[in-house]
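Q: What follows is a structure written as structure tokens; I'll ask about it next.
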Amino acid sequence: MTNRKLGYLAAAVIAGNVSLVLAQQAPMPQAPAPQAAPAAPAPPPDVKIETVAIAPGIYMLVGRGGNIGLTVGVDGAAIIDDQFADMVPKIRSAVALLSDKPVHFVINTHLHGDHTGGNDAFGAAGAVIIAHENVRKRLGTAYVNPSNNQNVPARAREALPVVTFADSATLHFNDDDLEFTHLPNAHTETDIVVRFRKANVLHMGDCFTGGFPFIDANTGGTLDGLILGHEKVLATIDDDTKVIRGHGPLGNKAELKAYHDMLVVVRDRVAKLVKAGKTQEQVVEARPTKEFEEKFGGTNFNAAQWIGRAYVDQKAALEKRRRK
Ligand SMILES: [Zn+2]
């Protein structure tokens, strides 16, 4: 750990019912030689960062990849998620318009490459990367993607989170308390949500988007876990909370509640059909998403794709319950 990193850690008090792990003290999983961030398609030349003011000193940066949360103030700058590697210069420029200090902390909401692609560059420049412990475990380990049998190499050392936790942690920064809460087996098994306690702003990562959710079963995501996660979050926010989606426009509690309610309706319908022994084709044909397709179908996965995933998910959930 560089002196600069230690300085930042000393400046911030991170606490909670957590096991904090400093990377240099933890044994690394056996990983092959460091590799670059996952390849991403070349950005179209007109990709710009749009900066949306949310609260004093708090912004949402919209570019290519997941929405970034940004806090600037007396302690400097911190970002929640960092899109793709090739967006880093643009992210830096957007931050520089608001702060004359570099990015001190990068918080990853989960492991996906459109939220962690900038880790290599920010980590190498001295930012302290904070994430759920499963982000470090998974990004630090090479694996074979079961969807396409492709080898996915471990991420470079600089890209790995150096502060990790299991359930929750708090970062005291820019006169606010940033509370990190793990949502187990939701979009993935690596998700956290970030709440600015004083400003009443919440970053949901990909546990809340503008379209039908992507449940990444390959990295431990489950529909039931996502719904439970929403319930946990909804109990802690109010009508004034500004909610940053992983993808999509700035939202609020009512919209998160509507999203949750939609998932419950679809989940229950799919579960019932699975229990009745219907095949995946029959479940897709029954269109359990019917009345939600206009609102949620266009921005992420189409309904048939999503029902297919929900079918596999609920079949696994049913088998798990039967085994118990
Ligand atoms: Zn994601």
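The values are calculated or read from the model by the stated rules, or taken from the named source; none is laboratory data. No experiment lies behind these values; they were computed from the predicted model shown. In this analysis, Cβ positions are derived from the backbone assuming ideal geometry, glycine residues included, and neighbour counts consider all displayed protein chains. Heads up: the accessible areas ignore ligands, DNA and RNA and are worked out on the full protein's heavy atoms, side chains in. Shrake-Rupley method; radii C 1.70, N 1.55, O 1.52, S 1.80 Å.
Q: For the stretch 150-283, what % of the accessible area comes from carbon and sulfur atoms, probe 1.4 Å?
A: Exposed carbon and sulfur together represent 49 percent of the surface.
Q: Over 19 Å between Cα atoms: which of Lys275/Lys295; Lys272/Lys315; Lys137/Lys320; Lys253/Lys290; Lys275/Lys315 fall into that group?
A: Lys275/Lys295; Lys137/Lys320; Lys253/Lys290
Q: Okay, next question. Enumerate the whole-percent occupancy of each 5 Å bin, from 0 to the last occupied one, for all C-alpha pair distances of the stretch 180-296.
A: It works out to 2, 11, 21, 23, 19, 12, 7, 3, 1, 0, in whole percents.
Q: Sort Tyr143, Tyr259 by accessible area with a 1.4 Å probe, largest first.
A: My answer, sorted largest first, is Tyr143, Tyr259.
Q: Turning to a different aspect of this structure: What does the charge count near Thr170 come to, summing +1 for each Lys or Arg and -1 for each Asp or Glu among other residues with Cβ under 9 Å from its Cβ?
A: So the environment of Thr170 carries a net charge of -1.
Q: What are the lysines whose alpha-carbon lies under 17 Å from the alpha-carbon of Lys101, with same-chain residues fewer than 8 places away excluded?
A: Those lysines meeting the cut-off are Lys5, Lys90.
Q: I'd like to know how the stretch 132-230 sits against the 2.2 N^0.38 Å rule of thumb: what's its Cα Rg over that expected value?
A: Relative to the 2.2 N^0.38 Å estimate, the stretch 132-230 comes out at 1.17.
Q: Given the Cα-Cα distance of Ala142 and Gln305 and 0.36 nm per residue of separation, how much length would full extension add, in nm?
A: 55.9 nm
Q: I've got another one for you. Give me the accessible area of Phe173, 1.4 Å probe, in Å² rounded to the nearest 10.
A: Rounded to the nearest 10, the figure is 10 Å².
Q: Through the Karplus equation 6.51 cos²θ - 1.76 cosθ + 1.60, θ set to phi - 60°, convert the phi angles of the stretch 237-250 into ³J(HN,Hα) values in whole Hz; use x for Gly and Pro.
A: Per residue, the Karplus-derived 3J(HN,Hα) values read 10, 10, 5, 8, 5, 8, 10, 7, 7, x, 9, x, x, 4 Hz.
Q: So what's the net charge close to Val88: Lys and Arg +1, Asp and Glu -1, counting the other residues with Cβ under 9 Å from its Cβ?
A: Neighbourhood net charge equals -1.
Q: Working out 0.36 nm times the residue gap between Val264 and Glu281, then minus their Cα-Cα distance, what length gain in nm do you get to one decimal?
A: So the extension gain works out to 4.0 nm.
Q: Ok, one more. Please identify the trypsin sites (Lys or Arg not before Pro) of the stretch 156-214 that satisfy two criteria: DSSP loop assignment and at most 14 other Cβ atoms within 10 Å. Which are they?
A: Qualifying residues, ordered by number: Arg197, Lys198.
Q: Over what distance in Å are the Cα centres of the stretch 198-250 and the stretch 280-294 separated?
A: What the calculation gives is 23 Å, centre to centre.
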